[in-house]
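The values are calculated or read from the model by the stated rules, or taken from the named source; none is laboratory data. Just so you know, these numbers come straight off a predicted model, no measurement behind them. In this analysis, Cβ positions are derived from the backbone assuming ideal geometry, glycine residues included, and neighbour counts consider all displayed protein chains.
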């Protein structure tokens, strides 16, 4: 079993993976070009773990002690690393550069995973010096509650490596989902992108407004959220980036424009305090959401 | 407010709408070519209303008393009808014939709704003698729990008529969802068809098996069901009918074939006791469904 885990890139997901791994008693080292930013990201997790996971301040502090270093050094974070999780920005060049730089510093034993959400392993494997020890391990935002780890290798990945990573996923309290074959968007996004697009099309075509669409889906299926609530969670900037690429009809372009206006006004989702709903007390949290106001 | 409601066609949905309407104290009349079959359909609802809605036998019997007639007569069910809900089989010819036959027997006041799931109002409005009093009111199977009524008219439907139908929907304990414009599949199916197709594509392409896909979706989103659980509920015959029409690649054809084999073996979903899962105690009802067995 892995013991020394290095997280490269402590952005939104990287910092969450680092803390969750530390909380589960692994030795964690963080590589980040700006160590101060990484520290701020980690500190910002405290209220979430307190609220969602019931952690005490003492427990949070104790977990932080398992993070042994946060640096932009090319030696310390990598020299005895069992498992490296790469979370650097989603650009092929950035990732290629990172692998080019880091591989010479890694011991032979190190297994490398990318957390890339937009790339597939066959795109990245050529940049590592150990294709048999390379795979993707994809996390979802707020990994402490959305605790799925989508795991997929290439044809070259050794089965033992996949197994070890599955064990590691369980050890940090993730549900490991092993994909037999690489897939853009893995499983979760491969399902949710067409679902969210269908909702945007209904809105674009003037069939119903976002709130009504959410109510219909929730009431008809018993699902605790509707598509526009999901978009607020994912962030409207991401939804816009995907939808605007394929928008062609005047109706689609109008919806893309509406989302652009929302983003420009700073209303880009839960994180911003406003999206399709207003936070922290959105309408859908009210007990009478589905019954009080007539769905238009 | 409507008082006398006639349901034409007491198949799966028609019988449910008739009983739910009777339970909510309306005067109900049923038109069905085979009155005996309609009676059997109604009787078959008893265990569901007892189990899901906590109805006593006495309450069920009392509601049944509000069903004043079940006949294939062209006079009795229609002569003082305020609101006619047409639930005859999903064939344009069958519906056109029905409207041709029924309209001369309806008083001027009668509002007509079709429960069609596959057609849109502009396809049917030409067959009625009162376009301003015609609209669609679409119910989902098991209307007592999946209590959404999707309501949509044509350009000719009077706004007052829409309003009356929305009030009626509330009176029979449905969430009325008014679509501003007609839409194939209304909202619910317009969202779920692309979602279920995406799941079938993942399976077809060998990314993961149905159970793993369900687990990923449930664990990642907190939704209480996954796409293949939905398919079991909808019925694999319906899913197959939609998917097989568009299957082109060898992988898609293979999945279509697998579903066809399931249907031929009688494993077409919840109703059959077997689909992707086995019923009445499917694996996903176990508390440890998401954690016990490693998602493959």
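The set of residues in the range A:79-109 that are free of Cβ contacts under 8 Å to residues at least 40 places away in the same chain and not in a helix (DSSP H, G or I) comprises A:79, A:90, A:91, A:106, A:107, A:108, A:109. Out of B:120, B:125, one residue alone is modelled with pLDDT of 95 or more, buried (at least 22 other Cβ atoms within 10 Å of the Cβ) and under 19 Å from residue B:154 (Cβ atoms). It is B:125.
A residue that is more than 21 Å from residue A:158 (Cα to Cα), touching a helix residue (DSSP H, G or I) at 6+ places or on another chain (Cβ under 7 Å) and assigned by TED's automatic domain parsing to the domain that holds residue A:9 occurs nowhere in the range A:105-114.
Of all the listed residues (B:225, B:289), the sole one being over 21 Å from residue A:230 (Cβ atoms) and surrounded by 14 or more Cβ atoms within 10 Å (Cβ to Cβ) is B:289.
For residue B:136, the criteria (1) facing chain A (nearest Cβ under 7 Å); (2) touching a residue at least 40 places away in the same chain (Cβ under 8 Å); (3) assigned to a strand (DSSP E or B) hold in every case but one, which is (1).
Scanning the range A:25-36 for residues that are surrounded by fewer than 22 Cβ atoms within 10 Å (Cβ to Cβ) and under 19 Å from residue A:95 (Cβ atoms) turns up A:33, A:34. Does residue B:280 count as within 14 Å of chain A (Cβ to nearest Cβ) and part of a loop (DSSP other than H, G, I, E, B)? Spelling it out, it is not the case that residue B:280 is within 14 Å of chain A (Cβ to nearest Cβ) and part of a loop (DSSP other than H, G, I, E, B).
Candidates are the residues of the range A:157-181 that are more than 8 Å from chain B (Cβ to nearest Cβ) and in contact with a helix residue (DSSP H, G or I) (Cβ under 6 Å, 6 or more places away or on another chain); the one that is nearest to residue A:114 (Cα to Cα) is A:161. Restricting B:248, B:286, B:296 to those that are in contact with a strand residue (DSSP E or B) (Cβ under 8 Å, 6 or more places away or on another chain) and modelled with pLDDT under 95 reduces the list to B:296. For residue A:218, the conditions (1) at pLDDT 90 or above; (2) facing chain B (nearest Cβ under 8 Å) are fulfilled apart from (2). Yes or no: residue A:263 within 11 Å of another protein chain (Cβ to nearest Cβ), in contact with a helix residue (DSSP H, G or I) (Cβ under 7 Å, 6 or more places away or on another chain), crowded, with 16+ Cβ neighbours inside 10 Å and in a helix (DSSP H, G or I)? For residue A:263, the condition - within 11 Å of another protein chain (Cβ to nearest Cβ), in contact with a helix residue (DSSP H, G or I) (Cβ under 7 Å, 6 or more places away or on another chain), crowded, with 16+ Cβ neighbours inside 10 Å and in a helix (DSSP H, G or I) - is not met.
Report yes if residue B:213 is more than 22 Å from residue B:141 (Cβ to Cβ), within 11 Å of another protein chain (Cβ to nearest Cβ), crowded, with 22+ Cβ neighbours inside 10 Å and without any contact (Cβ under 8 Å) to a residue 40 or more places away in the chain, otherwise no.
On the way: more than 22 Å from residue B:141 (Cβ to Cβ): yes; within 11 Å of another protein chain (Cβ to nearest Cβ): yes; crowded, with 22+ Cβ neighbours inside 10 Å: yes; without any contact (Cβ under 8 Å) to a residue 40 or more places away in the chain: yes.
It is true that residue B:213 is more than 22 Å from residue B:141 (Cβ to Cβ), within 11 Å of another protein chain (Cβ to nearest Cβ), crowded, with 22+ Cβ neighbours inside 10 Å and without any contact (Cβ under 8 Å) to a residue 40 or more places away in the chain.
Within the set B:125, B:177, the sole residue that is in contact with a strand residue (DSSP E or B) (Cβ under 9 Å, 6 or more places away or on another chain) and either closer than 15 Å to residue B:85 by Cα or assigned to a helix (DSSP H, G or I) (or both) turns out to be B:125.
The number of residues in the range B:191-207 being in contact with a helix residue (DSSP H, G or I) (Cβ under 6 Å, 6 or more places away or on another chain) and facing chain A (nearest Cβ under 7 Å) comes to 7.
Which of the residues that make up the range B:235-244 are out of contact with any strand residue (DSSP E or B) (no Cβ under 6 Å at 6 or more places or on another chain) and surrounded by 19 or more Cβ atoms within 10 Å (Cβ to Cβ)?
Step one: of the range B:235-244, the residues out of contact with any strand residue (DSSP E or B) (no Cβ under 6 Å at 6 or more places or on another chain) are B:237-244.
If the condition is that a residue be out of contact with any strand residue (DSSP E or B) (no Cβ under 6 Å at 6 or more places or on another chain) and surrounded by 19 or more Cβ atoms within 10 Å (Cβ to Cβ), then B:239, B:240, B:243 are the ones that fit.
Say whether the condition of being modelled with pLDDT of 95 or more, out of contact with any helix residue (DSSP H, G or I) (no Cβ under 8 Å at 6 or more places or on another chain) and surrounded by fewer than 21 Cβ atoms within 10 Å (Cβ to Cβ) is met by at least one residue in the range B:14-24. Checked against the condition, which is being modelled with pLDDT of 95 or more, out of contact with any helix residue (DSSP H, G or I) (no Cβ under 8 Å at 6 or more places or on another chain) and surrounded by fewer than 21 Cβ atoms within 10 Å (Cβ to Cβ), the range B:14-24 yields no hits at all.
For the range B:63-84, the criterion of being under 16 Å from the mean Cα position of the chain (by Cα) and under 30 Å from residue B:242 (Cα atoms) is met by no residue.
So which helices (runs of 4 or more DSSP H) are wholly in the range B:189-254 and hold at least 2 residues that are under 18 Å from the mean Cα position of the chain (by Cα)? Write out each step before concluding.
Working: elements: B:210-221, B:227-234, B:236-246.
So the answer is B:227-234, B:236-246.
Scanning the range B:139-156 for residues that are away from every other protein chain (no Cβ under 11 Å) and surrounded by fewer than 20 Cβ atoms within 10 Å (Cβ to Cβ) yields B:144, B:154, B:155, B:156.
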